[in-house]
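**Student:** Okay, here's the structure, questions in a sec.
The values are calculated or read from the model by the stated rules, or taken from the named source; none is laboratory data. Here the structure is a predicted model, which is why all the values come from computation and not from measurement. Cβ: placed from backbone, ideal geometry, glycine included. Neighbour counts: every protein chain shown. To get the accessible areas, we keep the full protein, side chains included, count just its heavy atoms, and leave off ligands, DNA and RNA. Shrake-Rupley method; radii C 1.70, N 1.55, O 1.52, S 1.80 Å.
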Amino acid sequence: MLFDQAVDIPEIFKSERVSVTLIEGKARYNLRVKAADVTAFKKSTGLKLPSKIGSSSLSKVVSCLKLGPDEWLVIANSTQQKKLDKVFEKASKDFICSITDISHRNIGFEVSGELAAKLINVGCPLDLSLTAFPVGKVTRTIFESAQIMLLRTGEDSFHVECWRSFAPYLRDYFKRVMTTRY
Amino acid sequence: MSAFRKAGRGIVDSAKAINFTFDGKTYQGFEGDTVASALLASGNHLMGRSFKYHRPRGVLGAGSEEPNALIAIDRGTGRVTPNVRATTQEIYEGLNAESQNRSPNLKFDMGAFNNAFSIFFPAGFYNKTFLWPKSFWDKVYEPFIRNMAGLGPAPTADDPDVYASSYGHCETLIIGGGPAGLAAALAAAKSGEPVILVDENPQLGGSLLTTPTIEINGKPARDWIAKSLKILSKAENVTLMTRTTATGYYHDNFVALVERITHHVPNAKIGKVREELHRIRAKRVILAQGAIERPLVFNGNDRPGVMLASAAQAYLGQYGVAVGNEAVVFTSHDTAYQAAFDLADANIRIAAIIDVRDEVQNDLTEGATQRGIKIIRSAVISKTFGTLRIKACEIYEPETGIKTKIRCDALLMSGGWTPSLHLWSHSKGGIKWDADIAAYLPDVANENAVCVGACNGDFGIAAALSAGHKAGQKTGGGRKVYKTNEADFGTGVVNNGLPNYIDTAKQKAFVDFQNDVTEKDIKLAVLEGFKSIEHVKRYTTNGMATDQGKTSNLNALEIASKAVGKPIEKVGLTTFRPPYTPTTFGALTGYRDAELFDPTRKTSIDPWAEANGAVFEPVAHWRRAWYFPKAGEDMHAAVSRECKATRDSLGIFDASTLGKIEVVGPDAAKFMNLMYTNPWSALPVGGCRYGLMCREDGYIYDDGVVGRMAEDRFHVTTTTGGAPRVYRHMEDYLQTEFPHLDVWLTSTTEQWATIAINGPNARKLIEPFVEGIDLSPEAFPHMKLREGKICGVPTRLFRVSFTGELGFEINVPSHYGRALWETLMEAGKQYEICPYGTETMHVLRAEKGFIIVGQDTDGTVTAHDAGMSWAVSKKKKDFVGKRSLARTDLTANGRKHLVGLLTEDPNIVLEEGAQIVTDPNQPIPMDMLGHVTSSYWSEPLGRSIAMAMVRDGFNRMDETLHVPMPNMAHKVKVVKPVFYDPKGEKLNVV
Amino acid sequence: MFEIHCPYCNEKRAEIEFSYAGEAHIVRPNAKQQPVMSDEDWSRYMFIRDNIRGEHAERWWHNAGCNMFFNAIRNTVTDKFVMTYKMGSPRRTAKQIDVARETNTADKAKT
């Protein structure tokens, strides 16, 4: 099957001070676990589910991002999908929880470079200073008319996700900023 | 050197000459000049015509408060900016400025006839004049008003420039870069926390720039500014923003800053950012906006050459420009003396200082004597002379009645100072009247904000510096004493209504220069019964021009208070509203024009539709394929063909935009029972059901097919437009009313691409591609769902139909949608597969009588009204809407019901929304029974069909009703709303 | 644009991340109560709101954030949020609101 990546990333997105690249090959799960079951769920699945809203456990293979009081977004390399499907199938039976595959619902961008925070702040009202939004912090928020999920992966790098149909809007927005401002 | 440029004065760079044009004539100025200062340097005072009377006007001020000198900057097609203040527009090589509100030219303006007949333009002129006769509106009044309305020329083409916007945060935002703002910034910078200092001017320094003789701690003010800027630019936590106006101050210290990036740059490129709107959230705000000098209100105070004393001082101090050779000063405040002295020291002759007061401080009289300036006390100016420039003025001493005419080419006035409370007022900060300075001052703060310097009544440089320093410190770190050589700021008096021997009705004493409001107008408004200052403002339009009454509000207030006979603090101040100065639409729009205005959501199949000639329609944020016309086809022909092809053989439709919500958890069925009217507990895994959702008021809210994937998992679909509100409705009930339920919601709208396959050949088409699902009618009956694979990718396959044909809805992870679509299109050639759009979908469902929520229902329709009582569980004890459905009015007879209508003439397609009556000949107003909700041409039936909400419709079967239209009334018969295949046999084609 | 404290995120966030969700503490009658309620009582639950001039208990939804509904006390005259608290916790008493208001003022004085 052809894989439709939803958005094409133009050349302009690779400048020295800021670049935007498409994050491909990811499996995503929306994970909800009843509070009483979280400890056992973590033990059983081996997932490092952070407990504080807005925090994350990041790894190259599986990252767990806590978005709400009982909500995590699990982002894994798609090579892990089969394994995770099995783990989650078992967990679904053992625990009071909700696990939904949303791999294709979201599109991810990596925004990096010294102007990364500035580019995101064009449309996002959050304070992105390192003290207010340190590395590892994650949240859903707004980029002008699109709802996004924002994760800081490094001092100068962010992982931005949005729903599939909002991706061209984000891309075009970034493009407009980069061609006219930087 | 131009005639009026004073060597050695000002901070413009005389080594850098700049040429620009004003009304087609070339002028030369220096780098650092504004249009106003450069024109004045050439002796040109005439810069505009007034709004109502078209009176010739020069500058009143030297900054953003300027009401008169409005110009248009023409930078080519689509790049004309009207109503720019000449006093703030920096000149650059090639700048092309035009005066406004004149025809054919500034010196000879036809509109000036208004001035001659000004007696006919009193306050409330528009309200009074254009009342009758009614027939005059179209031909006389409206064209006249339109011609008169507005100031500068409206742009005629799209603006090709780019405007930016962004969000920002800081600990301390300081607005105003004068002495108070700079001192505050120096103190705040030490905290190490982010500080932003903004100023609307190109250079920081504020009043220090205009008074070069001031020394701070023994050094020239300019050195102090330079040193301060050096410290501030080095500090990493400080951002200095010049040419940036704080236009509005909103809730919780959210401040809008408009930065003008290329307004001073020659040949600014198209495609680069011209302005940027910074949306700043500050922990605290320090307002150091200074004060604006008040004009005096006297007969003839608007002649070119009459200006604020501080403006004349600024033109000399900052630009090295003499505003005339021979000036008269007219004042009620001490500060005008310093202005007079500054000018005199630059060898500009001060013909006299006219002071309305009886007493003047000794040091001022001494200063005047030293410079040979005559002071005339207890006197006023009663008249001015000159047409395009002041030539002379008449001094009137009321006590003796002596009148003296003196020659002058400039008249400098000062009526005291008005602290700038605009942003403070936006922030809803309280204000209090201060009788000593005769002005309002900040009172209790509503936000974490403080006013310092002149805007807080801390007049004088030293006072401003130390107040700024104190406010800038995060925690009280002690005082800092700034010593200056300035003269005492002094005091003044307020004179609301200067004495004059001339009849008030014959005077032209302007209060609001931009809207041409005179003292007489305000008095008239009060006389005519307007007592509230807010009403006086609207009736006279005082303070409502683009300058927001910066120079006029307090004078108007004083005049009104005297006329009303109430003390000023009882009259109250009118409300200041954003923006502080006129703001371009570009700045407000930012990047959000054209395709960035709002997201257009597209499905994964959309590119195919676009490549194959689809006509699109917007549905919520989505764009959906509406129909697929072939060469030469109009919409009617395309839709008829698509309908026929689907009913005859095979149609394919992109249903990806349908909302989808995954409802998961052990209590999923319980939750579904509460949210939908239907029962869910007995629905087996692998089963589908049409779900109907009500609001608590019992009216239909949304609908869609729901599939049970597992005991604890439902795949819920919603209407395209309803997806967000259904999700919110469900989350709301789950979190606030049913939090005890173990169930969670996840939006999966965009996880799945959904392709609907309909028609007798639907099964045959997909059979070769499906793995792991038995598609036989026995194994996979209507309203079931199965999981398996199609074309090698996972699918949730629903056997459902919104057309009445054999139908499947194939859900695949959305990135595979387009490839699957193309595969099916290729394979479907043998069945003459036909892609169809939303219009055909609507026709096909109407032929079957299926409702579209929001088209056939309108938020006042119950399931019973829509003929869907079958979808409402009678056994469930509770669901959202159940109690309301038992309300007496919802169970009463005579409600409107959803029925079908067939026109007597089968070729008539009724208008959707048309009204329905029993007797078209009854007198107007007719008794209207309801309206047509859906109406189409049905190709398979060869006639028109319609659905309608009709009063008591279920009991009117076969009755003949009428649909009155402009040309004739159409006869219609009431029928059941199922027009095609009423037995549903086509669903089960093998 | 308000800055609203979300009691779940425990952070102040921009208003555009939130949606307003009407008056708080209006309890939906349960399945046993509903059938015995008069139409008038039911309409009171459905439609009648306090419309307070002053400190109003209301609901907000942090939809572009943690996705949680929560309660807030906001002054409808001054447009100031006095406090926010989690869904399900009881209506705040006048005294609790007073304390919160004073704490806000004290916090403001500190900065």
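**Student:** When the residues of the range B:617-632 are filtered to those that are within 14 Å of chain A (Cβ to nearest Cβ) and out of contact with any Pro (no Cβ under 9 Å at 6 or more places or on another chain), which remaining residue is most open to solvent (accessible area, probe 1.4 Å)?
**Tutor:** B:PRO618
**Student:** If we scan the range B:888-901, do we find a residue that is assigned to a strand (DSSP E or B) and without any contact (Cβ under 8 Å) to a residue 60 or more places away in the chain?
**Tutor:** Yes, the range B:888-901 has at least one match.
**Student:** Another one. I'm trying to understand the selection: among the residues of the range C:18-49, which are more than 8 Å from chain B (Cβ to nearest Cβ) and within 16 Å of the chain's Cα centre (by Cα)?
**Tutor:** Matches in the range C:18-49: C:PHE18, C:TYR20, C:GLY22, C:GLU23, C:ALA24, C:HIS25, C:ILE26, C:VAL27, C:ARG49.
**Student:** Please tell me if B:SER561 is surrounded by fewer than 17 Cβ atoms within 10 Å (Cβ to Cβ), on the phi < 0 side of the Ramachandran plot and either modelled with pLDDT of 90 or more or not β-branched (Val, Ile, Thr) (or both).
**Tutor:** No, not satisfied.
**Student:** If you go through the range B:353-374 one residue at a time, how many are surrounded by 15 or more Cβ atoms within 10 Å (Cβ to Cβ) and part of a helix (DSSP H, G or I)?
**Tutor:** Total satisfying the criteria: 4.
**Student:** Quick check on my filter: what residues within the range B:633-671 are surrounded by 24 or more Cβ atoms within 10 Å (Cβ to Cβ) and of a type in the set (Ser, Thr, Tyr)?
**Tutor:** Passing the criteria: B:THR646, B:SER656, B:THR657.
**Student:** Spot the failing condition for A:GLY25; the list is (1) under 27 Å from B:MET709 (Cα atoms); (2) at pLDDT 95 or above; (3) open to solvent by 20 Å² or more (accessible area, probe 1.4 Å), and only one is missed.
**Tutor:** With respect to (1) under 27 Å from B:MET709 (Cα atoms); (2) at pLDDT 95 or above; (3) open to solvent by 20 Å² or more (accessible area, probe 1.4 Å), A:GLY25 is out only on (2).
**Student:** While we're on this one: Please verify whether the range B:596-609 includes one or more residues that are more than 40 Å from the chain's Cα centre (by Cα) and open to solvent by less than 10 Å² (accessible area, probe 1.4 Å).
**Tutor:** no
One line per residue, one yes/no per condition, for (1) touching a helix residue (DSSP H, G or I) at 6+ places or on another chain (Cβ under 8 Å); (2) within 13 Å of another protein chain (Cβ to nearest Cβ):
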| residue | (1), (2) |
| --- | --- |
| A:ILE75 | no, no |
| A:LYS82 | no, yes |
| A:LYS86 | no, no |
| A:ILE99 | yes, yes |
| A:CYS162 | yes, yes |
| A:ARG176 | yes, yes |
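**Student:** Counting only residues that are under 42 Å from the mean Cα position of the chain (by Cα) and open to solvent by less than 10 Å² (accessible area, probe 1.4 Å), which one in the range B:706-717 is nearest to the other protein chains (Cβ to nearest Cβ)?
**Tutor:** B:HIS715
**Student:** Something else: For residues that are of a type outside the set (A, V, I, L, M), closer than 19 Å to B:ALA188 by Cα and open to solvent by 30 Å² or more (accessible area, probe 1.4 Å), tally how many sit in the range B:441-455.
**Tutor:** The qualifying residues number 1.
**Student:** Residue pairs, Cβ under 6 Å, 6 or more apart or interchain, first in the range B:718-732 and within 14 Å of chain C (Cβ to nearest Cβ), second acidic (Asp, Glu). List them.
**Tutor:** Close Cβ pairs (under 6 Å, with a partner that is acidic (Asp, Glu)) amount to B:VAL726/B:ASP702.
**Student:** Here is a further query. Is it true that some residue in the range B:902-911 is closer than 16 Å to B:ASP856 by Cβ, touching a residue at least 24 places away in the same chain (Cβ under 8 Å) and part of a loop (DSSP other than H, G, I, E, B)?
**Tutor:** Checked the range B:902-911: at least one residue is closer than 16 Å to B:ASP856 by Cβ, touching a residue at least 24 places away in the same chain (Cβ under 8 Å) and part of a loop (DSSP other than H, G, I, E, B).
**Student:** Yes or no: B:SER747 open to solvent by 10 Å² or more (accessible area, probe 1.4 Å), in contact with a Lys or Arg (Cβ under 9 Å, 6 or more places away or on another chain) and within 14 Å of chain A (Cβ to nearest Cβ)?
**Tutor:** Spelling it out, B:SER747 is indeed open to solvent by 10 Å² or more (accessible area, probe 1.4 Å), in contact with a Lys or Arg (Cβ under 9 Å, 6 or more places away or on another chain) and within 14 Å of chain A (Cβ to nearest Cβ).
**Student:** Take the range B:580-604 and flag every residue that is among the charged types (D, E, K, R) and either assigned to a loop (DSSP other than H, G, I, E, B) or away from chain A (no Cβ under 12 Å) (or both).
**Tutor:** Hits for the range B:580-604 are B:ARG592, B:ASP593, B:ASP598, B:LYS602.
**Student:** Of the residues B:PRO266, B:PRO295, only one is under 30 Å from B:ALA352 (Cβ atoms) and either part of a loop (DSSP other than H, G, I, E, B) or among the basic types (Lys, Arg) (or both); which?
**Tutor:** B:PRO295
**Student:** Then there is this: Conditions: (1) exposed (fewer than 12 other Cβ atoms within 10 Å of the Cβ); (2) more than 8 Å from chain B (Cβ to nearest Cβ). C:CYS6 meets all but one. Number of the miss?
**Tutor:** Evaluating C:CYS6 over (1) exposed (fewer than 12 other Cβ atoms within 10 Å of the Cβ); (2) more than 8 Å from chain B (Cβ to nearest Cβ) leaves (1) as the failure.
**Student:** Working only within the range C:64-79, note down all residues that are more than 17 Å from C:SER19 (Cβ to Cβ) and either touching a residue at least 24 places away in the same chain (Cβ under 8 Å) or within 14 Å of chain A (Cβ to nearest Cβ) (or both).
**Tutor:** Listed by number, the residues that qualify are C:ILE73, C:THR76, C:VAL77.
**Student:** Output the strands (runs of 3 or more DSSP E) that fall wholly within the range B:32-108 and possess 1 or more residues being under 25 Å from the mean Cα position of the chain (by Cα) and outside the structural domain of B:VAL265 (by TED's automatic domain parsing), or say none.
**Tutor:** Per the criteria, B:70-74, B:80-85.
**Student:** Considering only the range B:272-281, I want to know if a residue exists there that is assigned by TED's automatic domain parsing to the domain that holds B:ALA189, part of a loop (DSSP other than H, G, I, E, B), at pLDDT below 95 and open to solvent by 20 Å² or more (accessible area, probe 1.4 Å).
**Tutor:** The answer is yes; a qualifying residue exists.
**Student:** Something else: Report the residue count in the range B:673-702 for those that are closer than 28 Å to C:ILE48 by Cα and either buried (at least 18 other Cβ atoms within 10 Å of the Cβ) or of a type in the set (Phe, Trp, Tyr) (or both).
**Tutor:** The qualifying residues number 15.
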